[in-house]
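Accompanying notes for the structure given below.
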Amino acid sequence: MALPMINLLLVDDQNAYRNGLAELLSLEPDLSVVGQAENGEKAITLTAAHQPDVILMDVRMPICNGVEATRVIHQRYPWIRILVLSTFDEDEYIWQSLQFGALGYLLKSTPASQLADAIRVLSQGCSQLGPTIAPKVFAQLNPVQVVQDGGADGLLSEREQDVVKLLGQGKNNKEIAQALHLSQGTVRNHISRILSELGLRDRTQAALWAQKHL
């Protein structure tokens, strides 16, 4: 049975790297590169034109960097999955990218086969963090209560655990509401309480917490 085709947009200001990556990924039978952009501004334009399934986004680029492009694209097309692919594993880039909607962060040194697998997983709504990236992300989580208890028992109701599990799978409010047969307003209320109970700042932190603890 043929795998579903995943359409990709590659965003990187280094032409040689971007073209080489396109050639490698195009060897995969279920990956198709539908566009390439050398900066975030062009990435936004090409996203509107091609509506890719997954965007591989560099961070440092001229005109418009990858963090800002991620923010704009996620606001306009929240169903498109964004995977940051960068040379830099600096905390600020990682955290800002994830806060603005990226679902994963890998280094450019990631082998092509692992990158292809990460794209497939990401396209299903699950996050992907490189081995040196994950510890930096988890270190940003507020350790109060969560680390002491090591889990959600006593902190979250069963329904709230269901909600945060789906957050950890990359689901948006509408998808969570449909899966749990709730209204989107109820989902928002649950998420607000989850953030308060776990001492977390936003839904990105909640999603990462769920992946670690549930």
Could you please give the count of residues in the range 29-44 that are among the charged types (D, E, K, R) and touching a residue at least 60 places away in the same chain (Cβ under 8 Å)?
1
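Quick check on the range 85-123: of everything there that is among the polar types (S, T, N, Q) and under 11 Å from the mean Cα position of the chain (by Cα), which residue is farthest from Glu175 (Cα to Cα)?
Taking the range 85-123 as the starting set, the residues that turn out to be among the polar types (S, T, N, Q) are 86-87, 96-97, 99, 109-110, 113-114, 123.
Filter again for under 11 Å from the mean Cα position of the chain (by Cα), leaving 97, 99, 123.
Working: Ser97: 22, Gln99: 19, Ser123: 15 Å.
Ranking the qualifying residues of the range 85-123, first place goes to Ser97.
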Show me the helices (runs of 4 or more DSSP H) entirely contained within the range 123-204 in which 3 or more residues are modelled with pLDDT of 80 or more and touching a His at 6+ places or on another chain (Cβ under 7 Å).
158-168
Does any residue in the range 10-28 that is surrounded by 14 or more Cβ atoms within 10 Å (Cβ to Cβ) and part of a helix (DSSP H, G or I) come within less than 7 Å, Cβ to Cβ, of a residue that is modelled with pLDDT under 90 and not polar (S, T, N, Q) six or more places away or on a different chain, and which pairs are these?
Leu24/Ala112
Considering residues that are farther than 28 Å from Gln96 by Cβ, charged (D, E, K, R) and surrounded by fewer than 15 Cβ atoms within 10 Å (Cβ to Cβ), the number found within the range 150-208 is 3
Might you let me know whether the range 36-47 holds any residue that is acidic (Asp, Glu) and either assigned to a helix (DSSP H, G or I) or not assigned by TED's automatic domain parsing to the domain that holds Ser113 (or both)?
yes
In the range 88-108, how many residues are over 19 Å from Leu9 (Cβ atoms) and either assigned to a loop (DSSP other than H, G, I, E, B) or at pLDDT 85 or above (or both)?
4
Picked from the range 78-123 (must be surrounded by fewer than 17 Cβ atoms within 10 Å (Cβ to Cβ) and among the hydroxyl-bearing types (Ser, Thr, Tyr)), the residue nearest to Glu38 (Cα to Cα) is Thr87
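The values are calculated or read from the model by the stated rules, or taken from the named source; none is laboratory data. The structure displayed is predicted, hence computed values, not measured ones. Every residue, glycine as well, gets a Cβ built from its backbone with ideal geometry; the counts of neighbours run over all protein chains shown.
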